[in-house]
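A.B. asks: Handing you this structure, nothing more for now.
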Amino acid sequence: GTLEAILAAPREPARGLALICHPHPLYGGAMSNKVVYTLAACALKSGRYALRFNFRGVGRSEGAHDNTVGETEDTVFLARWLREQIPGLPLMLAGFSFGAFVSLQAAARVNAERLVSIAPPFGKYLGDAPPPAHPRCPWLVVHSRDDDTVSYEHAAAALRGYDPPPQLITLDGCGHFFNGRLNDLSE
């Protein structure tokens, strides 16, 4: 079905592509989320095209929530589509919360150049789904130690299971949605 998306172009000559995934659709997640918007703005500032989209069943995107399976397929499809539209540029995947897990699942399949995961959930947050494969690219994770939705300790333990583990940047006093700290997240 149809997926609703917004593609923004950088002002300067592009040096890459960014595909950004939003938080959990069943809890109000959408491409308009402030953390997703911040990731897109950072991608644009770094000279990348930024594609945000609504997962199936959100906004004007057709279909129904599929517990990461269909959402990963949506991400893979859009990564390939973006590369066809703007060939020859490296692709970065990024995601927040549920979208971080989905983009991690898709990263190795689309040979992402890099991955940015904001507050990625693991295990109990996704029906005890096993951790996805290593993305096989440089991987940055940002997580708030006082996240009130996704346990920092649980995520950090899951991330230590990867070889090599991602670069983990920890922020304090942000909660799950980085309230009042979006500038820190941008940096």
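A.B. asks: Run the dipole for the range 1-141 about the Cα centre, Lys and Arg Cβ at +1, Asp and Glu Cβ at -1, nothing else charged, and hand back the magnitude in debye, nearest 20.
C.D. replies: About 460 debye.
A.B. asks: Using the Cα gyration tensor of the range 101-187, with a ≥ b ≥ c the square roots of its eigenvalues, what is the shape: rounded (a/c below 1.5), prolate (a/b larger than b/c) or oblate (neither)? Walk me through the numbers on the way to the answer.
C.D. replies: On the way: a/c = 1.93, a/b = 1.35, b/c = 1.43.
Taking the square roots of the gyration eigenvalues as a ≥ b ≥ c, the range 101-187 is oblate.
A.B. asks: Need one number: % antiparallel among DSSP beta bridges in the range 1-73, to the nearest 5.
C.D. replies: If I count the DSSP bridges inside the range 1-73, around 45 percent turn out antiparallel.
A.B. asks: Still on this model: Pick the calculated Rg/Rh (Cα atoms, Kirkwood Rh) for this structure from [x] 0.97; [y] 0.93; [z] 1.05?
C.D. replies: Given [x] 0.97; [y] 0.93; [z] 1.05, the structure-derived one carries the label [y].
A.B. asks: Here's a follow-up. Rounded, prolate or oblate: which fits the range 1-102 when a ≥ b ≥ c are the square roots of the eigenvalues of the alpha-carbon gyration tensor, with rounded for a/c under 1.5 and prolate only if a/b beats b/c?
C.D. replies: prolate
A.B. asks: Amide H neighbours of D66 under 5 Å, at least 5 residues apart or on other chains, H built in the peptide plane: list them.
C.D. replies: E71
A.B. asks: How do the peptides 148-154, 33-39, 92-98 rank, highest first, by the average count of neighbouring beta carbon atoms within 10 Å per residue? If you can, show how the numbers build up before the last one.
C.D. replies: Numbers: 148-154: 15.3, 33-39: 20.6, 92-98: 28.0.
Going from most to least packed, we get 92-98, 33-39, 148-154.
A.B. asks: DSSP loop trypsin sites (Lys or Arg not before Pro) in the range 41-129 with at most 10 other Cβ atoms within 10 Å of their Cβ, which ones?
C.D. replies: R60
A.B. asks: Quote the FRET efficiency, to the nearest 0.05, computed for R11 versus D128 with a Förster distance R0 of 45 Å and r equal to the Cβ-Cβ distance.
C.D. replies: On the way: r = 44 Å, r/R0 = 0.99.
So, using R0 = 45 Å, E works out to roughly 0.50.
A.B. asks: Please list, in order, the residues from the range 120-143 whose amide nitrogen is less than 14 Å from a point placed 7 Å along the Cα→Cβ vector of Y162.
C.D. replies: Output list for this probe position: 120-123, 131-143.
A.B. asks: Right, something else. I want the antiparallel fraction of DSSP beta bridges within the chain, as a percent rounded to 5.
C.D. replies: 15 percent
A.B. asks: Continuing with this model, one more query. Return the whole-Å distance between the Cα centroid of the range 84-112 and the Cα centroid of the range 115-151.
C.D. replies: Between the Cα centres of the range 84-112 and the range 115-151 lies a distance of 14 Å.
A.B. asks: Give the relative contact order (percent, whole number) for the chain; include only Cα pairs under 8 Å separated by 6+ residues.
C.D. replies: This gives 19 percent for the chain.
Computed from the coordinates by the stated procedures, all read-outs in this text should not be read as laboratory data. Remember, it's a predicted structure, so these values are computed and weren't measured experimentally. In this analysis, Cβ positions are derived from the backbone assuming ideal geometry, glycine residues included, and neighbour counts consider all displayed protein chains.
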